[in-house]
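Structure, as structure tokens:
The values are calculated or read from the model by the stated rules, or taken from the named source; none is laboratory data. What you see is a predicted model, and the numbers here were worked out from it, not measured in a lab. Methodologically, a virtual Cβ is constructed for each residue, glycine included, from the backbone with ideal geometry; neighbour enumeration extends over all protein chains shown. Ligands, DNA and RNA are stripped out before the accessible areas are found, and what is left, the full protein with its side chains, is counted by its heavy atoms. Shrake-Rupley method; radii C 1.70, N 1.55, O 1.52, S 1.80 Å.
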Protein chains: 2
Amino acid sequence: MDASEGETGRKRKTSWKKDPAAVRQDILTIATREFAAHGLSGANINEIARQTSTSKRMIYYYFGDKEGLYCSVLEGVYATLRAREDDLDVAGLEPVAALRRLIEATFEAHVTAPHFIRLVMIENIHNAEYLRKSESVPKLNRSIIDKLEDVCARGKAAGLFREGTDALELHWLTSSFSFYNVSNRATFSTSFGTALYSKTRQSQLLERLVDMVLATVVIGYEPKTWNDPV
Amino acid sequence: MDASEGETGRKRKTSWKKDPAAVRQDILTIATREFAAHGLSGANINEIARQTSTSKRMIYYYFGDKEGLYCSVLEGVYATLRAREDDLDVAGLEPVAALRRLIEATFEAHVTAPHFIRLVMIENIHNAEYLRKSESVPKLNRSIIDKLEDVCARGKAAGLFREGTDALELHWLTSSFSFYNVSNRATFSTSFGTALYSKTRQSQLLERLVDMVLATVVIGYEPKTWNDPV
DNA sequence: CCATTTATGTACCTTGCGGTTAATTTGTCA
DNA sequence: TGACAAATTAACCGCAAGGTACATAAATGG
């Protein structure tokens, strides 16, 4: 059947380079796309293998089984997001500007990380059982909270922010509309139309969200949007 | 076990009542739970059949195939939610109280409809392709928007609400945190702990959300929460 | 330059599960 | 009352898809 040297019909790749890192990465890239698209049970190992430049065998060699691959994918997207958060520096901004910047960055980060969003949705369907197993992920997300806490502390110290302002709650709030804005786009559009998702409307929306948070956090802040008829 | 007449080993339920409606409902109830728990590809028809008091054959008899069953489930949970929204009457309340009531009701509705939340998440993973096929669902959700529009109109007419206040945007906003609060509980807890999900903290959270929306919509509204240290 | 480990390719096995076939009972109405 | 449709049961089927066995080429290093 598969002759090794004499080229009798069935070829056997008789010469190849060892490149574990590249092979691993290749698999991860494809798998991320497929899991994000179809979920854990929906994704197909054969299909993933087909799209890689390697074979199904290697998936099992490096990741053990489907769940192992899924976990690695999950850690990958979380790590990517974390890296982005780390890049963000608001230490030099005064509290109000810093808070505004953090909210805007979170909103943008979600819009531009659809794979992350989908994998988090999928993970929530699984009650985060794979995320909980991860060593790296749970502690990965401190960074954004630290930044928010710093800003809150500075804001309160300067007498600008209300005393009850809570970093975790702010993060929850910011995440909620940033996440929902992407995650539920399909069903929301189906029920209520696509009006809110146009480019101009999206930046308006962000403006208003920032405005809303500031109105609650910053003492004496006067909302700037929602004043004029749409 | 329950032999019919001649107890020749293999039982065959030889006596049964025709009850199409009940059988259909039985299947739907179990299927809703299973699809909500495991998703479209994750749910197992054999397992669903096992839990019903009927057989797998009947699933195919009434719903055609797995997707057909899934679509019916989807329509079911949307219809249930709609029915609840219809029960809500805020026409008698003055605008600010009415808006507060609508936000609270939406928040509560999401907390107490976990199947709905999960199925919407799942549907978004599928880019709402099944929801779009539905005849009933897309137009089902007008009710809540109508109510919000009425409240907004009254609020503006009374000079209480800012002119830019938009019903659709308000609904998007209210939905976003109400939905996220339930949908992402698993991953959020894993990353940041369960602090926000205690009973007392949840009602605080709702208070603050209402406060925040009112602060942006109602002219001259003074935020009542976030004033005292946590 | 041989032995051993690491990395890779091909072919295959097993079974879980979506879907079907065929028969049988229940209800209806001419 | 008997033919016909509707509802239901039990048994079966095919194959897709997760996972493995086995052989072998590339690196490593003593």
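Before moving on, here are some points about what is shown:
For (1) within 13 Å of another protein chain (Cβ to nearest Cβ); (2) farther than 25 Å from B:Ser41 by Cα; (3) surrounded by fewer than 16 Cβ atoms within 10 Å (Cβ to Cβ), each residue gets a yes or a no:
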{"residue": "A:His38", "(1), (2), (3)": "yes, no, no"}
{"residue": "A:Ala43", "(1), (2), (3)": "yes, no, no"}
{"residue": "A:Lys66", "(1), (2), (3)": "yes, no, no"}
{"residue": "A:Leu74", "(1), (2), (3)": "yes, no, no"}
{"residue": "A:Ala83", "(1), (2), (3)": "no, yes, yes"}
{"residue": "A:Val120", "(1), (2), (3)": "yes, no, no"}
{"residue": "A:Ser136", "(1), (2), (3)": "yes, yes, yes"}
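- B:Ala215 falls short on exactly one of the conditions (1) farther than 26 Å from A:Glu163 by Cβ; (2) facing chain A (nearest Cβ under 9 Å); (3) among the small types (Gly, Ala, Ser), and that condition is (1).
- Whichever residue in the range B:45-64 is within 13 Å of DNA strand D (Cβ to nearest atom) and hydrophobic (A, V, I, L, M, F, W, C) and, among such residues, is most open to solvent (accessible area, probe 1.4 Å): B:Met58
- Enumeration of residues in the range B:13-41 that are near DNA strand C (Cβ under 8 Å from one of its atoms) and either small (Gly, Ala, Ser) or touching a Ser or Thr at 6+ places or on another chain (Cβ under 7 Å) (or both): B:Thr14, B:Ser15, B:Ser41
- The residues on offer are B:Arg33, B:Arg24, and the sole one that is more than 10 Å from DNA strand D (Cβ to nearest atom), charged (D, E, K, R) and either in contact (Cβ under 8 Å) with a residue 60 or more places away in the chain or touching a helix residue (DSSP H, G or I) at 6+ places or on another chain (Cβ under 9 Å) (or both) is B:Arg33.
- All of (1) in contact (Cβ under 8 Å) with a residue 60 or more places away in the chain; (2) of a type outside the set (A, V, I, L, M, F, W, C); (3) surrounded by fewer than 20 Cβ atoms within 10 Å (Cβ to Cβ) hold for A:Asn227 with one exception: (1).
- Residue among B:Thr165, B:Thr106 that is among the polar types (S, T, N, Q), buried (at least 19 other Cβ atoms within 10 Å of the Cβ) and farther than 27 Å from A:Asn124 by Cα: B:Thr165
- For the range B:154-194, filtered to residues that are of a type in the set (A, V, I, L, M, F, W, C) and in contact with a strand residue (DSSP E or B) (Cβ under 9 Å, 6 or more places away or on another chain), the residue that is nearest to the other protein chains (Cβ to nearest Cβ) is B:Phe161.
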